[in-house]
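A.B. asks: Take a look at this one; I'll ask things after.
The values are calculated or read from the model by the stated rules, or taken from the named source; none is laboratory data. Predicted, not measured: the structure shown is a model, and the values here were computed from it. FYI the Cβ positions are ideal-geometry reconstructions off the backbone, even for glycines, and counts take in every protein chain you see. In case anyone asks, the SASA skips ligands and DNA or RNA and just uses the protein heavy atoms, side chains included. Shrake-Rupley method; radii C 1.70, N 1.55, O 1.52, S 1.80 Å.
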Amino acid sequence: MPDTKAGEANSKIPESCLQISLQAVPSTLGVSGGGEVAFTRAVLTMVNAGHAALVGVVPHATFAQERGLVHDATEALSRSRIVESIQPGEAVKWNVYDLLLVAHPGVASKVHLWGYKAVLDWWLEFVAWAEYKTPDVATTQQTPKHQWRLRWNPAKSRADEIELVWEVIKD
């Protein structure tokens, strides 16, 4: 005889209204001497997939370089974009490279000294999640944690192009 209570309990767990993803977006990056290189950016996106506005949204993120110390990027997320509410269908986006430079002082100082090449070929673990409220639920809800490994590499096709390689660790 199947356990219907367990099935009922699982079916009542609400799905997260806030969907989180990472996307590779072609862009450019300014380099010394006024030039630019083709640079694929990682863009963190949070989309309200529900039918009601999400309020009290608090985005969170962390970085760890090659299994090193974990650097909290939550403040960097809030500083770059304050999210008080997200309407249904609305998306909020952050540039992960820019967050990295703000949240990880060691990376920022290396980039300041040696330019963007200071971040090439390092694996970075990036984790993102958010807390939010909906009008019909008084308690704060939290999305699942999404975890990726990402790395910028010189493109094999052109020496002046930087590609982004990433994989989902946990989603």
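A.B. asks: Going by what's in this entry, would Gly56 be described as small (Gly, Ala, Ser), crowded, with 18+ Cβ neighbours inside 10 Å and more than 15 Å from the chain's Cα centre (by Cα)?
C.D. replies: Considered against the rule, which asks whether it is small (Gly, Ala, Ser), crowded, with 18+ Cβ neighbours inside 10 Å and more than 15 Å from the chain's Cα centre (by Cα), Gly56 comes out as no.
A.B. asks: Let me ask something else. Among the residues of the stretch 19-47, what is the count of those that are part of a strand (DSSP E or B) and more than 16 Å from the chain's Cα centre (by Cα)?
C.D. replies: Residues that pass the stated criteria total 9.
A.B. asks: While we're here: Is it the case, given these coordinates, that Val168 is closer than 22 Å to Phe63 by Cβ and out of contact with any helix residue (DSSP H, G or I) (no Cβ under 6 Å at 6 or more places or on another chain)?
C.D. replies: Here the answer is yes, as Val168 does meet what is asked.
A.B. asks: Hey, any hits in the stretch 144-156 for a residue that's of a type in the set (Lys, Arg), farther than 22 Å from Val83 by Cα and at pLDDT 90 or above?
C.D. replies: Among the residues of the stretch 144-156, at least one is of a type in the set (Lys, Arg), farther than 22 Å from Val83 by Cα and at pLDDT 90 or above, which makes the answer yes.
A.B. asks: Hey, another quick one. Condition check: part of a loop (DSSP other than H, G, I, E, B) and not acidic (Asp, Glu). Does Gly68 satisfy that?
C.D. replies: yes
A.B. asks: Separate question: Among the residues of the stretch 36-47, is any touching a residue at least 24 places away in the same chain (Cβ under 8 Å) and among the charged types (D, E, K, R)?
C.D. replies: yes
A.B. asks: Which residue pairs have Cβ atoms closer than 6 Å, lie 6 or more positions apart in sequence or on different chains, and pair a first residue in the stretch 101-123 that is surrounded by 15 or more Cβ atoms within 10 Å (Cβ to Cβ) with a second residue that is among the basic types (Lys, Arg) and assigned to a helix (DSSP H, G or I)?
C.D. replies: Filtered contacts from the stretch 101-123: Ala118/Lys110.
A.B. asks: Looking at this structure, is Trp94 in a strand (DSSP E or B) and within 25 Å of Glu163 (Cβ to Cβ)?
C.D. replies: yes
A.B. asks: Could you list all residues from the stretch 138-165 that are open to solvent by 30 Å² or more (accessible area, probe 1.4 Å), outside any loop (DSSP other than H, G, I, E, B), in contact (Cβ under 8 Å) with a residue 12 or more places away in the chain and not polar (S, T, N, Q)?
C.D. replies: Within the stretch 138-165, Arg149, Arg151, Pro154, Glu161, Glu163, Val165 qualify.
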